[in-house]
Amino acid sequence: MAKKRTVKRRKRVGAKSIGLSAAETAQVDDRSVRALANQIAEDEGAVLATYREPFGGTPVLLATLPIDRVEPTPYQRDPSQPHVKRLMNVVETLGRFLDPIITIRQDDGYWTPNGNHRLQAMRKLGAKSVVALVIPDPDVAFKILALNTEKAHNLKEKSLETIRMLRALAESPGSRTEREFVFEFDQPAFLTLGAGYEQRPRLSGGAYHPLLRRIDDFLDERLPRALKERQRRAGLVLSIDDEVTRIVDKLKKRGLTSPYLRPFVVARINPIRFSTSTEFEFDDVLRRMEKNAAKFNAEKIRQEDVVRVGGGPVDEAE
């Protein structure tokens, strides 16, 4: 059974009661930082400063890195070319690059989980190097969703990134469970939809996201088994999507035209649409949903029924 969701209230804290003072941020005595600084120098980069960030006190190196040694993490969405062009215009207009990217050292170079658009803009501008905050902790590479502030992710991008992260983590040694990565993955629905998008890139995930948010949960399975379960769950969603497509085609043949047809059908066959419960069994809900799709009578649907759905169209950009 899915677990009840609890809302944690933020504790009130006193002013200036957390973290380091300005003077304390300059006090860095860490062996891993020294080793990383030496490695950056060997990579023909330059360490500009080392410090401890003021909130958590963890060490950071401010460095300039050769731009050809920096790559985005392989789990990320593709960069938006219009956004890259806007960043290029800003940098050219200012004549300055003032927003360091975040990196970790990986293999013979550096990965950036936050800064790919800035990296691509600097590359297209012909820059030789890029300024970065180099983090000694490699786990930062999996904090993509939390770190990214330069361009909001849409649903498809979030879903694909989370399933790619799960796959990469599942291939690494260890016995951690999916639930241990709640912060990195954000929502269990992203994982199921991500596996679905991999199999069907044009899946209208936004039509199913509200339902999956209610019935999906993080798994207490080890990561390789969790990955297989996500792929299985995605298969169930895609099977229902096949039925929804069949129904939508029937409605279109009857002359019903609306960008809301798919979410309308999904809402109509949703067996928990009006339920106030907070606990559901994933497979049970989707089995009932598939049965509802099989007996859906397209002949009884009128254009005004679809119009009353309201809201915006559900598509890949959501």
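The values are calculated or read from the model by the stated rules, or taken from the named source; none is laboratory data. Quick caveat, the model's predicted, so the values are computed rather than measured. Virtual Cβ from ideal backbone geometry, glycine too; neighbours counted across all protein chains shown.
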Selection from the range 26-49 of residues farther than 17 Å from Asp108 by Cβ, modelled with pLDDT of 95 or more and of a type in the set (Val, Ile, Thr) yields Val47
Taking into account only those residues within the range 50-86 that are small (Gly, Ala, Ser) and touching a helix residue (DSSP H, G or I) at 6+ places or on another chain (Cβ under 9 Å), which is surrounded by the fewest Cβ atoms within 10 Å (Cβ to Cβ)? Gly57
Considering residues that are out of contact with any Lys or Arg (no Cβ under 9 Å at 6 or more places or on another chain), part of a helix (DSSP H, G or I) and either crowded, with 18+ Cβ neighbours inside 10 Å or at pLDDT 85 or above (or both), the number found within the range 123-143 is 4
Hey, can you tell me all the residues within the range 181-216 that are more than 24 Å from Thr245 (Cα to Cα), modelled with pLDDT under 95 and surrounded by 15 or more Cβ atoms within 10 Å (Cβ to Cβ)? Phe181, Glu184, Phe185, Asp186, Gln187
Selection from the range 260-313 of residues that are among the small types (Gly, Ala, Ser) and part of a loop (DSSP other than H, G, I, E, B): Ser275, Ser277, Gly310, Gly311, Gly312
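Would you point out the residue of the range 229-274, among those that are among the aromatic types (Phe, Trp, Tyr) and surrounded by 18 or more Cβ atoms within 10 Å (Cβ to Cβ), that is modelled with the lowest pLDDT?
Taking the range 229-274 first, the residues among the aromatic types (Phe, Trp, Tyr) are 260, 264, 274.
Those left that are additionally surrounded by 18 or more Cβ atoms within 10 Å (Cβ to Cβ): 260, 264.
Details: Tyr260: 84, Phe264: 91.
Only one residue tops the list, namely Tyr260.
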Matching option when the condition is of a type in the set (Ser, Thr, Tyr), outside the structural domain of Tyr75 (by TED's automatic domain parsing) and either in contact with a Pro (Cβ under 6 Å, 6 or more places away or on another chain) or more than 30 Å from Pro100 (Cα to Cα) (or both), among Thr162, Thr177: Thr177
Looking at (1) out of contact with any helix residue (DSSP H, G or I) (no Cβ under 6 Å at 6 or more places or on another chain); (2) over 30 Å from Glu184 (Cβ atoms); (3) in a helix (DSSP H, G or I), which one does Arg232 not meet, given that it meets all the others? (2)
Right, Arg233: assigned by TED's automatic domain parsing to the domain that holds Ser277, touching a Phe, Trp or Tyr at 6+ places or on another chain (Cβ under 8 Å) and in contact (Cβ under 8 Å) with a residue 24 or more places away in the chain or not? yes
